[in-house]
1. Just want to confirm a number: the relative contact order over segment 1-124, from Cα pairs under 8 angstrom separated by 6+ residues, in percent.
2. To make sure I understand the rule: partners must be aspartates and glutamates, Cα under 19 Å from the Cα of Lys177, and not fewer than 8 residues away in the same chain. Which ones qualify?
3. Picking from Thr61, Gly88, Thr108, whose Cα lies most toward the positive end of the charge dipole for segment 59-115 (charges on Cβ: Lys, Arg +1; Asp, Glu -1)?
4. Averaging over every viewing direction, what projected area does the convex hull of the Cα atoms of segment 7-90 cover, in nm²?
5. Of the peptides 70-81, 15-26, how do they stack up when ordered by the mean number of other Cβ atoms within 10 Å, highest first?
6. State which entries of Lys11/Lys78; Lys55/Lys129; Lys105/Lys129 exceed 24 angstrom in Cα-Cα distance in the structure shown.
7. Give me the percent of DSSP beta bridges within segment 1-160 that run antiparallel, rounded to the nearest 5.
8. Going by amide H atoms built from the backbone, whose H comes under 5 Å of the H on Gly76, apart from near neighbours?
Amino acid sequence: MANVDLAQVGKNLLRSETGESVELQSLWQDQPAVLFFLRRFGCQVCRWMASEISKLEPDLTASGVVLVGIGPEELGLKEFKEGGFFKGSVYVDEQKKSYKDLGFKRYTAVSVVPAALGKKVRDVAAKAKADGIQGNFSGDLLQSGGMLIVAKGGEKVLLHFIQDSPGDHLPLEDISKALGISAKVKAGQRPVCNDDVCTR
């Protein structure tokens, strides 16, 4: 886990759904925050992850924790919202400054292909497809994402997760454990990859 300078990262500007600019640190000023950084709003795997994380929303709200999704560009945001994939508020980091400061890697045109075709991605894509979640290839295909969980007032980082593969995601119990809350949700079953499931 890389060291996170919350004072520096917190000054990065995001754009809200209504178009206003807010500092990242304003999201954890009054309550703990779970910040889910998506690769792209149109990404099928990201949409499935967003719907999984959203299963925690009632428990997070009951515990006074805010759930926030952050994307690296506005492209696909409208469709993402209309699809109901995420239960928290959504922001855009158009400069991708938070992504850079948090160590979320960027693929190259060469490295993205094997990463996108890897078993983890195929497994999650198959699960998304089984759940009726579609995606597209619009936008920045090279950005990876992750998660940051911050204590109220920016006291400390409770969890900093960096995707190694586009299919990497945190188990729901790791999120609730980092916050010290109990959650009543059951994670979706990750599919077993076989010839029927993993072909696209």
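What follows draws every value from the coordinates through simple rules; no lab data is involved. The structure displayed is predicted, hence computed values, not measured ones. Don't worry about glycine lacking a Cβ; one is built from the backbone with ideal geometry, like all the others, and counts go over all protein chains shown.
1. Values: 162 pairs, mean separation 34.0, N = 124.
Relative contact order for segment 1-124 comes out at 27 percent.
2. Glu52, Glu57, Asp59, Glu155, Asp168
3. Farthest towards the positive pole: Thr108.
4. If you wrap the Cα atoms of segment 7-90 in a convex hull and average its projections, you get 5.4 nm².
5. For the peptides 70-81, 15-26, the packing ranking is 70-81, 15-26.
6. Checking Cα-Cα distances, Lys11/Lys78; Lys105/Lys129 exceed 24 Å.
7. Within segment 1-160, antiparallel bridges account for around 60 percent of the total.
8. none
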